[in-house]
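Structure first, commentary second.
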Amino acid sequence: MNIKDTAQSIIKSINDGDTLTTVSIGADSFHSDTVKIASVLLNKKLGGIYITTSRPSSHIVAELEGTKADLSDLYFVDLVSMTVGGKTDDPRTLYVESPTMLESILLNISLLERRLKAKKRFVMFDSVNGLSIYSEARVLKEFINVLGNSMRIKEIYSMLMTVKEQTSGELASALQLLSDKVIGE
Amino acid sequence: MAKKDVTKPISLDPRGGRPRDKCVTYIEGIDRILNGGIPIGNITLLAGTVGSGKTTLAMEFLINGAKAGETCCYISVTEPSSKMLSNLQTYGFFDDALVKEGKLNIFDLTVINDRLGVERLDGTYTSKDMEALLGAFEDIVDELGVTRLVIDSITAVCYQLPDKGSIRNFIFRLSQFLSTFGCTTMLISETVVDSNVQTYSIFGVEEAVADGVVLMGNIIRQGDLLRSLQVVKMRGTKHSRARHLIELTPIGLAVVPLLKWGQDGGQAFT
């Protein structure tokens with residue numbers, strides 16, 4: 001599935017009233033495609049929270065600025081910058097001390113959600129695989145389950161981004177069970 | 001025969017009965033755990049290890065109450081009130097005006113002791129000293145109309161009492177008059193972890209007299225320390241007994257349920 005088709009499937013999923021989607025993308029275009037998807041949603045006037053587990057948020061901001069997307073209603077939860085000693089002074093970003101502090105992600109989403117201005121909102125979780133570096137499979141599955149269900153309650157459209165080649169069968173089936181749709185299989 | 005009202009919802013609270021009026025903490029997540037707040041007049045033991053967030057939680061409880069128009073009081077036993085005040089400035093949710101308006105009152109126990117003339121060289125209270133101190137606390141609560149009180153820490157006060165019987169008597173008497181005044185109180189209890197087991201108090205007496213016990217501690221997850229909170233008991237309300245993660249955020253403390261599989265070095269409690 002190319003990026004255009006993936007983005008269209010996501011828009012359709014939002015219009016269908018889904019709340020939780022797993023988006024599976026190949027490793028070769030994963031980073032550029034996730035940024036493009038966020039850009040498409042922002043241009044459609046959705047407000048969003050971007051959770052980054054594999055790259056510092058400052059890099060994603062730079063890439064999004066390159067797409068000319070409107071970033072005025074986009075916030076970040078960054079699990080990378082503090083761990084690697086990167087910049088931690090962006091006012092639209094909440095930094096999590098360690099990627100093992102999974103509950104902090106939920107707390108920070110709750111805090112940022114209050115700042116979102118748009119009625120239609122999204123959460124982009126980039127990526128589930130990034131967390132698997134630090135957390136055992138059973139912890140990760142529990143976290144995804146809690147995250148997915150809390151997003152359902154909040155009625156925020158949420159995308160769990162996964163790298164196709166790095167997602168084990170066990171994790172994929174857990175994501176499938178939890179999600180309304182799996183895009184890009 | 002009158003028709004049975006089938007639309008009446010079944011109460012999910014196994015207690016049934018009429019709920020007690022609550023003292024709302026306004027702390028994100030805590031009121032949810034306590035089913036609306038702490039029952040008014042309850043005396044709660046806030047027990048925890050060093051760095052677990054006891055003072056921050058207690059302070060936010062007072063500040064939130066003061067912001068809601070209540071008169072609140074903090075009695076500092078272990079550090080000078082001036083130091084406490086300067087620490088307060090670092091909290092985003094603190095407002096200087098609350099102190100100036102008399103909504104948030106901070107007292108130093110050593111100053112109270114000096115005025116009462118009960119400071120002993122050997123650091124132990126006599127029964128007369130104990131009476132004087134209880135009288136001083138009662139005067140503060142009564143004269144200022146205090147509805148929220150924190151004693152930080154009760155452990156330091158207990159160290160000055162001669163035996164367990166005196167500790168039990170002191171806390172029991174304290175809770176009696178505080179309850180009469182409708183003053184909701186947090187007693188901070190410093191605990192230690194021994195052989196991976198955390199107790200509720202140093203002397204093992206305080207928890208039996210208190211209406212509520214809230215346990216705070218640290219959980220180790222892959223070398224990282226996470227703050228945890230668990231309500232062990234709270235008389236007069238249904239409450240969660242699950243373990244939660246607690247974090248200091250720009251708007252104050254926030255609480256979320258702890259992941260069940262996410263602790264590999266947790267502390268057991270007795």
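Every read-out reported here was derived from the displayed coordinates using simple, explicitly stated rules and does not represent laboratory data. Just so it is clear, the model here is predicted, and its values are computed rather than measured. In this analysis, Cβ positions are derived from the backbone assuming ideal geometry, glycine residues included, and neighbour counts consider all displayed protein chains.
Here are the numbers for the structure shown:
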read-out	value
Mean Cα-pair separation over length for chain B, i.e. relative contact order, pairs under 8 Å, 6 or more apart, %	26
Fraction of beta bridges assigned by DSSP in the stretch B:22-269 that are antiparallel (%, nearest 5)	45
Sparse-neighbourhood loop sites, GluC sites (Glu not before Pro) in the stretch B:44-114 - DSSP loop, at most 16 other Cβ within 10 angstrom	B:101
Selected from B:251, B:112, B:30 as most flexible by GNM, with chain B as the system and alpha-carbon contacts under 10 Å	B:251
Kyte-Doolittle mean at least -0.5 and Cα axial length at least 24 Å: DSSP H helices in chain A	A:137-154
Contact order normalised by residue count of chain A, Cα under 8 Å, 6+ apart, percent	35
Structure-based [θ]222 nm, chain B - -39500 (n - 2.57) summed over DSSP H runs of at least 4, per residue, nearest 500	-9000 deg cm²/dmol
Least to most buried among A:138, B:148 (fewest other Cβ within 10 Å first)	A:138, B:148
Between the stretch A:104-129 and the stretch B:56-98, the alpha-carbon center distance in angstrom	31
Local electrostatic count at residue B:250 - Lys and Arg +1, Asp and Glu -1, tallied over other residues with Cβ under 12 Å	0
Sites residue B:134 and residue A:152, calculated FRET efficiency, Cβ-Cβ separation with R0 45 Å, nearest 0.05	0.30
Neighbour-count ranking [beta-carbon atoms within 10 angstrom, fewest first] of A:117, A:181	A:117, A:181
Relative exposure of A:124, A:82, judged by other C-beta atoms within 10 Å (fewest first)	A:82, A:124
Förster radius 51 Å - calculated FRET efficiency between residue B:173 and residue A:120 (Cβ-Cβ, nearest 0.05)	0.30
Gap separating the Cα centres of the stretch A:136-185 and the stretch B:184-198, nearest whole Å	38
